[in-house]
Amino acid sequence: MLKINKKILLCFLCGIFIFSVIFVCLPAGSVLAGKLEVSYPTSQTGITLTDTNTPIPIFLKYIFDMGMFLGLAAAVYSLGASGIYYLMSPAKPEYRSIAKDRVTGAISGILILAMTYLILTTLNPQLKFFQLGDLQDIPPIAVNKSPGVYFYKSSDCSGDEKYFTSNINDFGTALSNQINSVLVVQGKDASYISTLYSSPGLFGRCQDASPNKTTCQNSTPPGTLTPNFASSVSIHRYDFNPNSNPDNDGVYFYRKSFYNPEGGWLKIDKTQIKSNTQGFFGSKLEDLIFQDVPIEDQICDKWDDKGICTNKKNPTLAGKEISSIKIAGNYIVYFLYFAPTDNANGPWSYCQEFPTPDDVNREGPLQFKWEKTPNQKYLPNWLYIYPVKEK
């Protein structure tokens, strides 16, 4: 009985092979068919025969798919039956040999099916119902950049890059006046603010690298970065919670040197610098007024007919009224001259950072030096204060 079953299975599989070869050699055309008495089942690959003229290639594909499916089903059935025989072999020992023979026959059938499939699909690739898609190119491994500011000579943030997280007082010949794009990378716990300057020493014409822009900032129109003008850069790590630091109090401005309040002073409190709605302090200098200015130092606001001053007022921070600055905490002060012709996104006509590179580690009162400002022919008219992790 077993030998008969093996012969039937082998004959069935060989019949599929011969039948398929014959249909491969048939000329293209149509199979004339009348109305089907019963609906043919849809093949495993989705082909359905209709009662209209069916092209021979479609009919062949249907026969091939169904034959391969039935052959595979027969092999799987034989494997399942052999398992049942094997489980029953303790009761009837002869079932063990039957199970082995069925396994051998099933494996032989699967090999014949595989050979048939490979041969026929080689002759006619359209018969394939199992094929792997083309392998896609392996994408490059994404490299997460460390938080900081990256500078490029190219205009699209490509090629060689220079990475910094602190002030660079002079780019030198390697990078000075050659920057055409900037990438600011912010981290979960580290965000940076950056200002580029046209002169070494963090002063001169200036422009911010926007801390809120996560993509390349370039000079290509309509880019926001001025090409080839930066010679130095200030980079500071922004403090999102400065008011929780007990050492942060604010910034004091004095009309006299050495933090002397007798000539008048003004404090920008820490709550003005960083509030719930504002992340930094910014104001025109003419809108900031000294307090406690001696009467003799006040500015006359009104005269009578005889030229006698009838009303005086305290001077503002505009002009050269500031002589010393006390930074009580971790803050960076920017003095800026914004000309009427300047673009809102920069570059601006003049900027100076305080404390200066020479003053950062200096102990004692910090004097505001106006020497550089007259050389630029500009007096600052705006003031900005940012809370930072470290000056």
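Here's a check for you: in segment 222-261, which residue that is surrounded by fewer than 20 Cβ atoms within 10 Å (Cβ to Cβ) and of a type in the set (Asp, Glu) is modelled with the highest pLDDT?
Of everything passing the filter in segment 222-261, ASP249 is modelled with the highest pLDDT.
Quick one: what pairs do we get from segment 263-287, first residue touching a residue at least 24 places away in the same chain (Cβ under 8 Å), second surrounded by 18 or more Cβ atoms within 10 Å (Cβ to Cβ) and among the basic types (Lys, Arg), C-beta under 6 Å, 6+ apart or different chains?
GLY263/ARG255; GLY264/ARG255
Quick one: how many residues across segment 286-308 are more than 26 Å from LYS256 (Cβ to Cβ) and in a helix (DSSP H, G or I)?
Going through segment 286-308 one residue at a time, the tally reaches 0.
Checking PHE151 against (1) modelled with pLDDT of 90 or more; (2) in contact with a Ser or Thr (Cβ under 6 Å, 6 or more places away or on another chain); (3) not in a loop (DSSP other than H, G, I, E, B), which test does it fail?
Of everything listed in (1) modelled with pLDDT of 90 or more; (2) in contact with a Ser or Thr (Cβ under 6 Å, 6 or more places away or on another chain); (3) not in a loop (DSSP other than H, G, I, E, B), PHE151 misses just condition (2).
Find the residue count for segment 133-148, including only residues that are assigned to a loop (DSSP other than H, G, I, E, B) and at pLDDT 90 or above.
Residues meeting the conditions: 1.
Would you be able to say whether some residue in segment 187-205 is in contact with a strand residue (DSSP E or B) (Cβ under 7 Å, 6 or more places away or on another chain), modelled with pLDDT of 90 or more and of a type in the set (A, V, I, L, M, F, W, C)?
Yes: segment 187-205 contains one or more residues that are in contact with a strand residue (DSSP E or B) (Cβ under 7 Å, 6 or more places away or on another chain), modelled with pLDDT of 90 or more and of a type in the set (A, V, I, L, M, F, W, C).
Could you please give the count of residues in segment 62-96 that are touching a residue at least 40 places away in the same chain (Cβ under 8 Å) and of a type in the set (S, T, N, Q)?
Number of matching residues: 1.
Quick one: in segment 187-205, which of the residues that are small (Gly, Ala, Ser) and assigned to a strand (DSSP E or B) is surrounded by the most Cβ atoms within 10 Å (Cβ to Cβ)?
So the residue we want is GLY204.
Taking segment 223-258 only, how many residues are at negative phi and in contact with an Asp or Glu (Cβ under 6 Å, 6 or more places away or on another chain)?
3
Could you check segment 163-184 and list, in sequence order, the residues that are in contact with a Ser or Thr (Cβ under 7 Å, 6 or more places away or on another chain), aliphatic (A, V, I, L, M) and over 16 Å from GLN207 (Cβ atoms)?
Correct list: empty.
Among the residues of segment 291-323, which ones are charged (D, E, K, R) and crowded, with 19+ Cβ neighbours inside 10 Å?
Matches in segment 291-323: GLU321 only.
Report every pair of residues separated by at least 6 positions or lying on different chains whose Cβ atoms are under 9 Å apart, first residue within segment 113-125 and touching a residue at least 40 places away in the same chain (Cβ under 8 Å), second assigned to a loop (DSSP other than H, G, I, E, B) and among the hydroxyl-bearing types (Ser, Thr, Tyr).
Pairs found: none.
Quick one: in segment 161-186, which of the residues that are of a type in the set (Val, Ile, Thr) and more than 14 Å from LEU225 (Cβ to Cβ) is surrounded by the most Cβ atoms within 10 Å (Cβ to Cβ)?
So, considering only residues that are of a type in the set (Val, Ile, Thr) and more than 14 Å from LEU225 (Cβ to Cβ), the one surrounded by the most Cβ atoms within 10 Å (Cβ to Cβ) is ILE168.
From the list THR373, THR341, which one is modelled with pLDDT of 85 or more, over 27 Å from THR271 (Cβ atoms) and assigned by TED's automatic domain parsing to the domain that holds ILE268?
THR341
Does LYS326 satisfy being part of a strand (DSSP E or B) and surrounded by 14 or more Cβ atoms within 10 Å (Cβ to Cβ)?
So LYS326 fits the description; yes.
The values are calculated or read from the model by the stated rules, or taken from the named source; none is laboratory data. Predicted, not measured: the structure shown is a model, and the values here were computed from it. Cβ sites come from the backbone with ideal geometry, for glycine too, and all protein chains shown count toward neighbours.
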